[in-house]
Amino acid sequence: SPSPSPSPAGPSPSPSLSPSPSPSPAPSPPPLADGCVYTTPLPVSNETYSSAYAALRTLIINSINQNQGEARGDLVGGLVRLAFHDAAGFDRNSNTGFGPDGCVDFTNADNDGLMPVITAIESTYKLFCDEISKADFWALGAKVAIDHTSGGNARMPIRFGRTSVVNCSDFNANGMSLFPAAEKGVDEFQRVFITAWGISMRQTVALLGAHTLGRAQNPNGYNGPWVRDTHVLNNEYYRNLALRPWDKTPATNNPALTEWRIRPNQNGQRPPDIMLNADMELAYHAVQCTPPASTDPIDRPQRQGSCDRNNDIANGPYTHTERYAGDNNAWLRDFEESMEVMTELGTTGRLLCQPELDSDCQVRATDLSIQTTAPQIVTSTTTTTTTTTTTITTTTTTTS
């Protein structure tokens, strides 16, 4: 997800697809505390799951109620962004590509602004860290955020068993950020989502709708919300993008970057909403449009001189964007699926669906005979390992 400020050290990555709530100087992530587990012991008990879910939901409700305006979406947007960034370093073509592992590389400026989110949930995580790994807890945070902000209309399935690590890198062997660059477009979708992750263009377009939650806040980069109600999960992002007129402008806080702003009204005023090049590339050839440039809503004739729509790209994002702009339920269904896929990158055969905890997850063949060894537990002096092995048995009920 995008973040625009230059890296304080190492390679200088392009901003990624989820802008930061606030800049931060490459801090160190909180270490695993005494008694915390690296890998979630399976199965997770109903009491643990229910308590952790309720604790995260309380944090979310308090954040929404205690803030005003655009700030109401800061925590929920941050939780979904944290899950994205935890998974986004995955590369199926490399043995150095990390998936969801409860680790953030703060030498990569694309991760700027995530530390306040991690800090906001850290004390709650420690209440459950002897039973749930940090990687699983971050995924659960995204699930609770999605469940709550959609009013229950979207339910991200979750499975447990992720392993946390202490050190990770979000650069490839050539020093390039593993995150998609916000200044670029469809080529970056291909590089990161389709080639490295192995997901489809439909799933890629669906994931970008996470920008409905939260906002960009960076004194050195992008600044503004994508939608008006930043704490409500719906398809407003796609409606805004496809059905409103946009002007390409230098970013308010950094003229070297690009922001798209809604065309001024008759009084010369612009709404606060923004889009980035990567957002606009879902429906337009936005990157190649040079300022002054503008777009016309896709349900109106295109004026001469405005940015061309990108419905000429074979297997491109346009048809999915058009569909989501007109069908909230279609997007929510695809978003649920895509979030589940994203938070499980690189974990094949290691995660367990427990329908008694989350009825939205689907039991798979790998669930029927998962062998789990109780995980390493962090202690102040040594790391101990329990050697008990358990076979998880799952009953599948089929109805017709």
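Computed from the coordinates by the stated procedures, all read-outs in this text should not be read as laboratory data. Just so it is clear, the model here is predicted, and its values are computed rather than measured.
The Kirkwood radius of region 131-270, taken over pairs of alpha-carbon atoms, gives through the Stokes-Einstein law at 4 °C and 1.567 mPa s a diffusion coefficient of 73 µm² s⁻¹.
Give me the base-10 log of I(q)/I(0) for region 227-355 at each q in 0.13, 0.15, 0.22 Å⁻¹, Debye formula, one uniform scatterer per Cα, rounded to two decimals. At q = 0.13, 0.15, 0.22 Å⁻¹ the computed log10 ratios are -0.63, -0.79, -1.36.
One chain, two ends: residue 122 and residue 303. Fully extended at 0.36 nm per residue, the span grows by 60.1 nm beyond their Cα-Cα distance. For residue 257, the residues whose modelled amide H falls within less than 5 Å of its own, excluding neighbours fewer than 5 places apart on the same chain, are 251. In units of the rule-of-thumb radius 2.2 N^0.38 Å, region 313-363 shows an alpha carbon radius of gyration of 1.48.
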